[in-house]
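Presented below is the structure to which this report refers.
The values are calculated or read from the model by the stated rules, or taken from the named source; none is laboratory data. These numbers were taken from a predicted model, which means no experiment stands behind them. Here Cβ is always computed from backbone atoms with ideal geometry, including for glycine, and neighbour counts include all displayed protein chains.
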Ligand code: NI
């Protein structure tokens, strides 16, 4: 059984064949999918997907790049959405300093507030952090509740920082980047991490693994990611699928 812990199936890239593709996933061994919100409209569409498909669960939250659209009113709406039965996490939330906008102060404010929401609702968090390693860790240390758990999605930092997140009890979302020839840093992190801290993710439609790099991604590509993890960690492929699926169920409490 294969668990995709991070997808964006509401994305326009799936408009032409969403229903056909999603209906085909269980037959390919994909047992669970968590569709993740990045904007308020994504969250609405995520709720609809969780209602339409048994095996799709959801996370609601606003990505750092979208935080300018947040207001006290929409924050309250998010909190109501987060209480829906099939919403299993708050995310994706965090900091992204790759882009100039929104300014760091705005990103930090809404990151903290969404972490507080997760704490209040006792939900795990899905963290997006890009070129903001130190600030992300500082805020997490202040606002994150270890008992509720969380995942660092699309992990992109060094081994040293991975050890910090490991201490905090986080899972690591490993996706297509691990198959890239320029993914050496991530391969090192995967080699170091215990298998029971790793979950599989696609972040589809983005970041398709080799040999489909550059094409539209979907959960059907997860075997390539699992094969690479098995190769790096020198464990059987089946063990990677089984363990990461158990980890994901623990993370999202399914
Ligand atoms: Ni994502």
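General observations
Matching residues to (1) at pLDDT below 95; (2) under 25 Å from residue 58 (Cα atoms); (3) touching a helix residue (DSSP H, G or I) at 6+ places or on another chain (Cβ under 7 Å); (4) more than 16 Å from the ligand (Cβ to nearest atom):
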| position | (1), (2), (3), (4) |
| --- | --- |
| 149 | no, yes, yes, yes |
| 161 | no, no, yes, yes |
| 175 | no, yes, yes, no |
| 184 | yes, no, no, yes |
| 190 | no, no, yes, yes |
| 202 | no, yes, yes, no |
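- You will find that of 189, 235, the residue that is part of a loop (DSSP other than H, G, I, E, B), out of contact with any strand residue (DSSP E or B) (no Cβ under 6 Å at 6 or more places or on another chain) and closer than 24 Å to residue 167 by Cβ is 235 and no other.
- Residue 122 being without any contact (Cβ under 8 Å) to a residue 24 or more places away in the chain and away from the ligand (no atom under 15 Å from the Cβ): no
- Conditions (1) surrounded by 19 or more Cβ atoms within 10 Å (Cβ to Cβ); (2) within 16 Å of the ligand (Cβ to nearest atom): number failed by residue 99: (1)
- Unique residue being modelled with pLDDT of 95 or more, surrounded by 23 or more Cβ atoms within 10 Å (Cβ to Cβ) and away from the ligand (no atom under 16 Å from the Cβ) when the list is 240, 235: 240
- When 141, 215 are screened for being more than 16 Å from the ligand (Cβ to nearest atom) and either surrounded by 15 or more Cβ atoms within 10 Å (Cβ to Cβ) or assigned to a helix (DSSP H, G or I) (or both), only 141 passes.
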